[in-house]
Amino acid sequence: MEKDTIILTRKVQIYLDCEDKEQRAAYFKKLFEWQDMVYRGANMVMTHQYVQEQIKDLIYLRDDVKVKLADFKKDPDGIFTSSKMNTTYRILSLYFKGKLPSKIISAMNMTLNRAYSTDRLAYWKGEKSLRNYKKDMPIPFGGDQIKLSNDEKGRDFKLTLFKIPFRTYLGKDRSDKRVLIQRALVGQIKICTSSIKIVKGKLFLLLALELPKKQLELKEHIIAEASLSVEHPITVCIDKDNFQIGNKEEFLYRRMAIQAARHRIQKAAAYNNGGHGRKKKLKSLDHFEEKERRYVDSRLHLYSRRLIDICVKSEAGTLLLVNQTSKEEVAKDDEFLLRNWSYYGLIEKIKYKASMAGIHVIVE
């Protein structure tokens, strides 16, 4: 049965709400220590999950070794002394209990078990390698740990997390972040398992919110046929109406112009003055890499938003992506398309926005 709610994640910049320099340094030290333990624990859990699954398929072991991954108290063939979920929780507790808050350990265990279950079949078929978490992994925690309140001016919000005071920085944000946080504050929407991410010394709250889906008057028998291509990012047909979203000059040529600028800077970087390290020397190069990423992400969001708006306006309850599988196979052999056309990113954004509107997506 399809859920009536959807989980939205909003990235909100936060900073420590503390004027004492020594106390601020202590808070930052604690956050960095937690981040290091979370990243090590995440890789540890994924390894244990994978080994547990593979025990059954290790044909070179004795037959009496290949038994069920279950609690032996509930199943005589089981090899665990507790539930499968609890096995990894015990591993995390063994290494990090007393160093990491128990609520973070619980959120980690639940998130990692869910992530492994999602990719489990791909691991078994050998189609995917085991996830490897990096040192900048976000610190997860339960939504009930966030204590929200309004600040003195009423523009931003205060929050307390594990007795550490934070304050949001929304600035001139024109999105729906302020409205959503205010609704969460008064209890209209639920805060789910969220996380804190540290990026170059800055703190970001990845706030997960559970919202009810919009109840739109859509008709499933009305089908919108969408085709993704390089000439026009999206072409939509609904009955006798045709719509074209974006064009080659707007998306592809602009992206290639950024790539050309980056290539010129890359050649000129050899003549930059040294003495300040590699990072300083390639700073402008990194700037253009980030510029291309942001431009592509912005365009894909815009195209997918326009597509869903057209479907809603036409009351189309079904969205069919025509011949998409065959196009992706062709793109794998075309180096230019593989580098410059973001099929996967666009489809993911379309599915996300369609789910919010209650539109069923079929990839042909």
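The values are calculated or read from the model by the stated rules, or taken from the named source; none is laboratory data. Computed from a predicted structure; not experimentally measured. Backbone-built Cβ (ideal geometry, glycine too); neighbour counts: all protein chains shown. These area figures cover heavy atoms from the full protein model, side chains too; ligands, DNA and RNA do not enter into them. Shrake-Rupley method; radii C 1.70, N 1.55, O 1.52, S 1.80 Å.
Miscellaneous remarks
- Taken one residue at a time, the phi angles of the range 42-52 give Karplus couplings (6.51, -1.76, 1.60, θ = phi - 60°) of 5, 5, 5, 5, 4, 5, 5, 4, 5, 4, 4 Hz. Gly and Pro are set to x.
- Accessible-area rank, largest first, for Arg294, Arg178, Arg255: Arg294, Arg178, Arg255, with all protein chains present and a 1.4 angstrom probe.
- Per residue value of the accessible surface for the chain (all protein chains in place, 1.4 Å probe), Å²: 62
- Cα-based Kirkwood hydrodynamic radius, the range 226-314, one decimal, Å: 15.4
- Share of carbon and sulfur in the accessible heavy-atom surface of the chain [1.4 Å probe, %]: 52
- Between the C-alpha center of the range 133-199 and that of the range 249-319 there is a gap of 29 Å.
- Cut-off under 5 Å, modelled amide H: who pairs with Lys213 long-range: Thr5, Ile6
- In plain terms, the chain from Leu285 to Glu249 could stretch by 10.6 nm, reckoned as 0.36 nm per residue minus the Cα-Cα distance.
- Solvent exposure ordering (accessible area, 1.4 Å, most first) of Arg278, Arg120: Arg278, Arg120
- Residue separation of Phe28 and Ala257 scaled by 0.36 nm, minus their Cα-Cα distance, works out to 78.4 nm of gained length.
- Shown here: Rg/Rh (Cα atoms, Kirkwood Rh), derived from the displayed model; of the candidates [x] 1.08; [y] 1.26; [z] 1.00, it corresponds to [z].
- The mean of 1/r over all pairs of different alpha-carbon atoms in the range 182-240, once inverted, gives a Kirkwood hydrodynamic radius of 16.2 Å.
- Restricting attention to the chain, close to 75% of DSSP beta bridges with both partner residues there are antiparallel.
- Taking all pairs of distinct alpha-carbon atoms in the range 102-143, Kirkwood radius in angstrom: 11.6
- Restricting attention to the range 113-168, close to 100% of DSSP beta bridges with both partner residues there are antiparallel.
- Farthest toward the positive end of the dipole of the chain, out of His301, Phe243, Ala257, is the Cα of Ala257, where the dipole comes from beta carbon charges about the Cα centre.
- Working note: Karplus 6.51/-1.76/1.60 with θ = phi - 60° gives the range 180-192 the couplings 5, 5, 5, 5, 5, 4, 8, x, 6, 10, 8, 8, 9 Hz, where Gly and Pro are set to x.
- Note on the range 119-272: dipole from Cβ charges, positive end direction compared against Leu159, Leu211, Cys192; the farthest Cα belongs to Leu159.
- Shown in residue order for the range 204-218 are the 3J(HN,Hα) couplings computed by the Karplus curve 6.51 cos²θ - 1.76 cosθ + 1.60 at θ = phi - 60°: 10, 9, 8, 8, 9, 10, 9, 10, x, 5, 5, 8, 9, 7, 10 Hz (x for Gly and Pro).
- Annotation: lysines with alpha-carbon distance below 28 angstrom to Lys267 (same-chain offsets under eight excluded): Lys200, Lys248, Lys279, Lys280, Lys281, Lys283, Lys291.
- Helix-only CD estimate at 222 nm, as mean residue ellipticity for the chain, using -39500 (n - 2.57) per DSSP H run (n ≥ 4): -15000 deg cm²/dmol
- Ranked by the mean number of other Cβ atoms within 10 Å of their residues, highest first, the peptides 351-358, 126-133 fall in the order 351-358, 126-133.
- Given charges at beta-carbon only (K, R positive; D, E negative), |dipole| of the chain in Debye: 1780
- Solvent exposure ordering (accessible area, 1.4 Å, most first) of Lys99, Lys153: Lys153, Lys99
- Sequence-distant lysines (8 or more away, or on other chains) whose Cα lies within less than 16 Å of Lys147: Lys103, Lys158, Lys163, Lys190
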